[in-house]
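Heads up: the structure comes next, in structure tokens.
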Amino acid sequence: MAAATAPPSTTEAPPKSELKQRRPRPSGWWLPYALLAPAIVFEVVIHIIPMVTGIWMSFLKLTKAFISNWGNAPVIGTKNYEVALDFNGAVGSALLQSFLVTCAFTLLVVGISWALGMAAAVALQGKFRGQGFFRTLFLVPYALPMYAGIIAWKFMLQKDTGAVNHFLYDNLHLGGDKPFWLIGDNSFVSIVVVAIWRLWPFAFLMLMAGLQSIPTDVYEASAVDGAKPFRQWRSITLPMVRPVNMVLLLVMFLWTFNDFNTPFVLFGNAQPPAGDLISFHIYNASFLTWNFGSGAAMSVMLLLFLLLVSGIYLLVLNRRSQRA
Amino acid sequence: MKFRTLAATAAIAALALTTAACGGNNNSSSPSSAGSSDSSGSGGTLTYWASNQGTSLDNDKQVLTPQLEKFTQQTGIKVNLEVIGWNDLQTRIQTAVTSGQAPDVVNIGNTWAASLQSTGAFMPFDDAAFKAIGGKDKFVKTAMDTGGVAGQDPTSVPVYGLAYGLYYNKAMFSAAGLTPPNNWEDLVTDAQKLTTGGKYGFALAAGSYTENAHFAFINAAQNGADLFDKDGKPTFSSDGVVNGIQRFLDLMQKDKVVNVANAQYDNGTKAVNDFATGKVAMILNQNNADNSIVANGMTSDKYGVVPFPAPSDAKSQVASHVAGINLSIFKNTKNKDAALKFVNFMTSAETQTALDKPFSALPVLNGATPNFTDNAAEAKTFADIYSTKSKPLPLVPAEDQFESTVGKAMNQMFAKIASGGTVSTDDIRTAMKTAEQQVAAAG
């Protein structure tokens, strides 16, 4: 991605570096390595070791009988994976169900958040009075501590005392009984709305920054040629913020697919099937049953899936941008 | 240049989001009082994790502190107290077992005893240990039986006794000309009569999986059904269990004596509050509900308690599981003697008398009289339920999985009923078969 956007500098680089290599080692050559060392140590400790441990755990029968002494847990090969992937069994079918719910959730949340973020960023692109106020206002959900925000939603979504039902049924006088929002099938709607509320300011922030890098003369030139706002958006704005969009969509996809906090705070530890997102499902599957081997196997599969999707996404998009 | 600015913005934003996420994740597991979790190494100090027995975590601390000071005076051993809420306690114990960073002494829900015993992280009370705490015989047998799997040295000893009772509002019953029910059929007709004018006959913590699991067990026990067979295999889909669950669900589904909003009650306190404020006529609760009822302004002469009634053709008159809190010592404690002294102190007659009242607990010691309420009839009823009408939850390692799988399935069924669906006997059986498979897969 960085290489794709800045090719000219890389073509100039090689001769310079060859020159440098022929010179004797300058004093203090080790300094960059020394400066990098803490980062590498932390990378290993924080990323690599837990990841390898997780993969190793997924091949163990790490149930509560062995949890106090991991060393004794017997290796059972791919048994954990077989159980998780046996979609006729109770564990596998629940995992599949949760996976499908998460896919639908991710599509809706990322799509709508992006659209909202784009709309708000375009609306605030030109200069006008109160621009700063609206920018700040739109960023409020992003600035709120996550727990506080979601707990406020939890109160608002209560059946009898919540603000949502009060507004819809007492103020707008919709007919019928007040529905539940946090149990049953409606919980899917609730969690999508809350997740969008939380995520879209990020899309807005990124796109706003992207839009500011588009020179105004391009718009002026197109206006002279008679382009209407939508045509300007489609032919100028979209291609010019393409690099932003590429990263933004990928990051939003990863965060949303892995979302743990929203269901955890919204539903507590008894999640309704319609709001059973996958990382929360894995947490429940391993922490409530104390079967950490099985939970690790599910996590490894989630990791592989996300790597696969991200890899394909970057490969396809990079190839397309090189061709262009 | 522009791209670089953008990348920097993205990086900062990403950092902000991930750190926020971390903060959120850790919230439930980070120790709330600094330094208490690993101070067990020094000689004269014990770390004690207490469960939430009073009206709040602070209330627990206030009640326990004078007792702990007394213990320090007697023995010179200091105690670091941390009170942990029920939502976090199991996760905290789990983390302690997994990491070895454990307290010395911990309160556990007695239904977890067998499950926790199977982790091997807790000290078995052998003869010497029992001698140090005053002998096995000082405990009521019903309570002591919950200490662990039968036939092995228990890994926990009882400290507070609890039992379920049916609380009823005396004024509402006499206004309707009713007497407290003796069997299930009466309970349903009474509740139907009392469900009028925006008030309901009954309130349930229908969104709490632990409460639901307890009632699955009690109703199944009244039908003479067991949850596990002799080999420890789950038998949740047997007729007795399924019919018992159906009977309980029908309070909301068929008899309509429970407000559908109760499907969101994820802990017992909400139902207790409805009862104490006169919105419902009856609740099923353990005797520690007294705290919250009184805190809501309902005095102990305004309500009565009877055993949770079984159907007239029931095979057994079980009205409660043997509920309560046990004390366990972590096996890798460096202060075993001090820990035993502490358990001895907590289960001594004097401390028990001092703590039973503020925590509304039944005595676990032989010969002790219940003092948790000034309502003599209530005390007698609970003592009777505890000693003659209680059955322990199955003492098998998979017991905790029964609670989470069956309890959660019942949450979903109540949710379905509340949002207008119906749950048939076949639906229950299918859900129970799934729960059986989940338990089998976890083992």
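The values are calculated or read from the model by the stated rules, or taken from the named source; none is laboratory data. Since the structure is predicted, the reported quantities are computational estimates derived from the model, not experimental observations. Note: ideal-geometry Cβ built from the backbone for every residue, glycine included; neighbour counts use all protein chains shown. In case anyone asks, the SASA skips ligands and DNA or RNA and just uses the protein heavy atoms, side chains included. Shrake-Rupley method; radii C 1.70, N 1.55, O 1.52, S 1.80 Å.
Charges were assigned to the Cβ only: +1 to each Lys and Arg, -1 to each Asp and Glu. The resulting dipole of the protein assembly as shown about its Cα centre is roughly 2760 debye.
Projecting the Cα atoms of B:Q74, B:G120, A:P74 onto the dipole axis of the protein assembly as shown, where Lys and Arg carry +1 and Asp and Glu carry -1 at the beta carbon, places A:P74 farthest toward the positive end. The share of accessible area on segment A:89-290 that comes from carbon and sulfur is 70 percent, using a 1.4 angstrom probe.
Of A:I278, A:T216, A:S187, which is farthest towards the positive pole of segment A:89-290's charge dipole, taken about the Cα centre with +1 and -1 on the beta-carbons of Lys, Arg and Asp, Glu respectively? So the residue furthest toward the plus end is A:T216. How much of the calculated P(r) for chain B lies past 33 Å, in percent of all Cα pairs? Value for chain B (Cα pairs over 33 Å): 38 percent. Among the trypsin sites (Lys or Arg not before Pro) in segment B:271-318, those placed in a DSSP loop whose Cβ has at most 13 other Cβ atoms within 10 Å are B:K315.
Applying 1/(1 + (r/R0)^6) with r as the Cβ-Cβ distance of B:T95 and B:K70 and R0 = 41 angstrom yields a FRET efficiency of 0.85. Putting +1 on Lys and Arg Cβ atoms and -1 on Asp and Glu Cβ atoms, find which of B:L46, B:N243, A:M240 reaches farthest to the positive end of the dipole of the protein assembly as shown. Highest projection toward the positive end goes to A:M240.
Here chain A is scanned for trypsin sites (Lys or Arg not before Pro) in DSSP loops (not H, G, I, E, B) that have at most 10 other Cβ atoms within 10 Å, and the longest stretch holding none of them is A:130-324.
Between A:V122 and A:S93, the contour length at 0.36 nm per residue exceeds the alpha carbon distance by 6.1 nm.
Beyond 19 Å in Cα-Cα separation lie the following of the pairs B:K141/B:K391; A:K159/B:K170; A:K64/B:K61; B:K141/B:K389; B:K193/B:K254; A:K159/B:K416: A:K159/B:K170; A:K64/B:K61.
Over segment A:89-290, give the accessible area per residue in Å² for a 1.4 Å probe, as an integer.
On a per-residue basis, segment A:89-290 sits at 45 Å².
Taking a straight Cα-Cα cut-off under 16 Å and skipping sequence neighbours fewer than 8 places away in the same chain, the lysines within cross-link reach of B:K136 are B:K341. For peptide A:207-215, the mean count of partner chain Cβ atoms within 10 Å of a residue's Cβ comes to 3. Helical content of chain A, expressed as a calculated mean residue ellipticity at 222 nm, amounts to -21000 deg cm²/dmol (DSSP H runs of 4 or more residues, -39,500 (n - 2.57) each, divided by residue number, nearest 500). Bridging of A:K154 to aspartates and glutamates at a Cα separation below 18 Å is possible for A:D185, A:D259, A:D276, B:D266, once same-chain residues fewer than 8 apart are set aside.
Interface size, chains A and B: roughly 3900 Å² of accessible area buried, both sides included, 1.4 Å probe, rounded to the nearest 100. Taking amide H as placed 1.01 Å from N in the peptide plane, B:A310 has its amide H under 5 Å from the amide H of B:W184, each at least 5 places away in sequence or on another chain.
For segment B:301-379, averaging the sequence separation of C-alpha pairs within contact (under 8 Å, six or more residues apart) and dividing by the residue count gives a relative contact order of 20 percent. Can you give the % of DSSP beta bridges in the protein assembly as shown that are antiparallel, to the nearest 5? Around 60 percent antiparallel, to the nearest 5. Near B:A163, the amide H atoms lying under 5 Å from its own belong to B:N287, B:N288; only residues 5 or more places off or on other chains count, and H is placed 1.01 Å from N.
Derived from the Cα gyration tensor, the three semi-axes of the equivalent ellipsoid of segment A:89-290 are 37, 22, 15 Å, largest first.
A straight line joining the Cα centroids of segment A:24-85 and segment B:244-299 runs 48 Å.
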